[in-house]
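Coordinate-derived values only; no laboratory data. Keep in mind it's a predicted model, so treat the numbers as computed, not measured. Neighbour counts are summed over all protein chains in view; Cβ atoms, including those assigned to glycine, are modelled from backbone coordinates with ideal geometry.
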Amino acid sequence: MSHRIIDLSVPLENECPSNPKGYGPKIEYQSHKDTADTVISIFTGLKKSQLPDEEGWAMEHVKLTTHDGTHLDAPWHYSTKMDGNQRAITIDEVPLEWCFQPAVKLDFRHLPDGYVATADDVREELERIGHELKPLEIVVVNTRAGFRYGQPDYSSSGAGMGRDATLYLLERGVRLTGIDSWYWDAPFIYTKKKFIQTGDAGLIWEGHRAGRTIGYCHLEKLHNLEQLPSQGFMIACFPVKIRGASAGWTRAVGIIEDQNV
């Protein structure tokens with residue numbers, strides 16, 4: 001039996017409108033020619049002419065947040081507490097078994113930008129695809145935002161997951177979720193309008209804050225979710241191990257077993 005691997009991650013790159021202003025990465029590229037003098041300074045007596053094509057090595061210096069690119073949020077990102085009154089775990093403490101599990105996809109591409117998905121929306125979609133959730137399954141949400149990556153409106157695109165929708169998943173043993181937008185919740189531009197209208201602070205980050213009740217992780221800025229079936233695949237998304245951090249970058253992939261080989 002063979003398998004196909006679907007890349008679910010976006011690249012880290014300069015000047016890509018995939019983040020709100022001021023939150024994007026800054027990558028400084030050093031070419032082989034740029035570093036030739038550095039190599040010479042390390043090896044006493046070495047001449048540039050002795051280097052192949054007078055080249056050193058390529059390197060990059062990167063300045064970014066742990067929430068740039070495709071990344072996994074730890075419960076610590078949402079709050080200092082999880083599971084009631086326990087200390088929230090940081091990204092280096094996330095159980096690795098959460099990060100490699102069978103997965104299911106919820107297709108919410110038809111929902112409008114800014115819509116807050118409910119438990120009923122989740123239940124109806126699971127019924128549509130004929131799937132009953134099992135503990136530790138990974139649930140990813142395909143929204144309209146996936147089509148807008150790299151465009152100026154990316155960070156304001158897609159539906160989000162509300163508190164009751166998130167808890168519906170967590171109460172059934174899900175501990176890792178993901179979405180193809182910049183947020184697990186609805187984009188802030190829509191939440192801001194609702195807050196101004198209602199004064200209800202509980203609307204802010206309601207999906208994230210569900211982690212105070214039941215600790216969980218979620219992936220943000222996933223890509224290519226359209227290439228995944230609704231069920232019958234695995235996801236691997238091990239985060240970079242950063243001591244005490246709220247998130248870690250990950251090369252998330254979907255793994256589909258090919259039954260015909």
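With N as its number of residues, region 103-150 has a Cα radius of gyration that, divided by 2.2 N^0.38 Å, comes to 1.21.
Would you kindly calculate the translational diffusion coefficient of region 65-149, applying Stokes-Einstein with the Kirkwood radius from alpha carbon pairs, for 25 °C and a viscosity of 0.890 mPa s, and quote it in µm² s⁻¹ without decimals? Answer, rounded: 161 µm²/s.
The chymotrypsin sites (Phe, Trp or Tyr not before Pro) of region 99-172 include none that meets both criteria, a DSSP state outside H, G, I, E and B (loop) and at most 16 other C-beta atoms within 10 angstrom of the site's C-beta. For the chain, the convex hull spanned by the alpha carbon atoms encloses 169 Å³ per residue. Remark: the residue 195-residue 37 segment gains 51.3 nm on full extension, using 0.36 nm per residue and subtracting the alpha carbon distance. Across the chain, C-alpha contacts under 8 Å between residues 6 or more apart give a mean separation that, scaled by the residue count, equals a relative contact order of 31 percent. Please work out whether region 145-212 counts as rounded, prolate or oblate from its C-alpha gyration tensor, where a ≥ b ≥ c are the square roots of the eigenvalues and a/c under 1.5 means rounded, while otherwise a/b larger than b/c means prolate and anything else oblate? Verdict is oblate for region 145-212.
Ranked by how many other Cβ atoms sit within 10 Å of their own Cβ, fewest first, the residues 70, 177, 65 fall in the order 65, 70, 177.
Above 23 Å, the calculated P(r) of region 1-96 contains 58 percent of its Cα-Cα pairs.
One decimal place: the segment residue 255-residue 27 gains 79.1 nm when fully extended, by the rule 0.36 nm per residue minus the C-alpha distance.
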